[in-house]
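Engineer: There's a structure below that I have some questions on.
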Amino acid sequence: MHRSGATMAWNVFKFCTALRGLGSIMILLVLGVVGVTYYAVVLTNYGPALSAGGLDSLVSFLVLILFHSLLVMLLWSYFSVVFTDPGSVPPNWRPTIDEERGEADPLVGTEFSNVQTDPNQRIRYCRKCNQLKPPRCHHCSVCGRCVLKMDHHCVWVVNCVGALNYKYFLLFLFYTFLETTLVTASLLPHFIAFFSDGEIPGTPGSLATTFLAFVLNLAFALSVLGFLIMHISLVAANTTTIEAYEKKTTPKWRYDLGRRKNFEQVFGMDKKYWFIPAYSDEDIRKMPALQGLDYPSKPDFDSQ
């Protein structure tokens, strides 16, 4: 039994190491898909159609405007997730009162004798990082550290998704779905033409790129739609993927403030910033949840 446990720990370690090694490969893969799509939509099909005149030119112009607008927002959101730290526990962080009662074992030992907390509540401690864990914080085995309000580790963005970049991740999903849906719809007539009896204009290379771009974007649109629906439900309940799994048997959730406030806990209160990967200075100053260390809860939760 002991040998089996040791083997499992070793396999998990190798798995986490492999995920770290995927870093630049996944970014290059994303950029490769973008490159193939750009070549098929802009350079092969709708770019040349601008000079055709009439309705074809108008349709091509509208498709290219939408395509480039969504592409800019997609890449902006993507690299915001990649390069934004999801949030780490500040050095020597100490809670005034623990927010997650009964979720973990109470701290014991002389090293925690100076921590002032409510005796009826419990504090979480990470034995891997050897530090206290703020509310909604979890340890990531891939990153090797505790992440504030961790949702999951995403290999596509080569980063953890947590308190400080969760909004950017959601926008990345949103704009990816819109972009891939637009590409799928715009390349659909060209895809159908592959199965017609008529002659298809273009070189073998351009035709193959168009076919590949359609298949890739259709696959991404369908898969991203599922993830987007799941995360919309998580935002509506003010929870994360990890928390949703942990509280399957919990009928009530202390951080569920109502859909509007739950949405604002992720996207902020300033509507002008809801659809861009950034926050207003006022939201950052007034909303502690955006910093990942303190979260408002239901006023009547403890009494219940």
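The values are calculated or read from the model by the stated rules, or taken from the named source; none is laboratory data. All figures in this text were calculated on a predicted structure; none of them were measured in a lab. SASA here: full protein model, heavy atoms, side chains in, ligands and nucleic acids out. Shrake-Rupley method; radii C 1.70, N 1.55, O 1.52, S 1.80 Å.
Engineer: If you line up the Cα atoms of region 126-220 on their principal axes, what length do they span on each, largest first, in Å?
Structural biologist: 68, 20, 15
Engineer: In percent, what relative contact order does region 131-230 have, based on Cα pairs under 8 Å that are 6 or more apart in sequence? Let's see the in-between values first.
Structural biologist: On the way: 83 pairs, mean separation 21.0, N = 100.
Result for region 131-230 is 21 percent.
Engineer: Quick one: ranking 263, 211, 275 by accessible area, 1.4 Å probe, largest first, what do you get? Write out the running numbers ahead of the final one.
Structural biologist: Numbers: 263 60, 211 85, 275 115 Å².
Reading off the accessible areas and sorting them downward yields 275, 211, 263.
Engineer: Then there is this: At 1.4 Å probe size, with the rest of the protein present, what percent of the exposed accessible area of region 198-261 is carbon and sulfur atoms?
Structural biologist: Numbers: 2670 of 3830 Å².
Its accessible area is 70 percent carbon and sulfur atoms.
Engineer: While we're here: Under a cut-off of 17 Å between alpha-carbon atoms, report the lysines in cross-link reach of residue 272, not counting same-chain residues fewer than 8 places apart.
Structural biologist: Those lysines meeting the cut-off are 167, 261, 286.
Engineer: Here's something else I'd like to know. Can you list the equivalent-ellipsoid semi-axes of region 219-288, largest first and in whole Å, using the square root of 5 times each Cα gyration tensor eigenvalue?
Structural biologist: Semi-axes, largest first: 23, 19, 9 Å.
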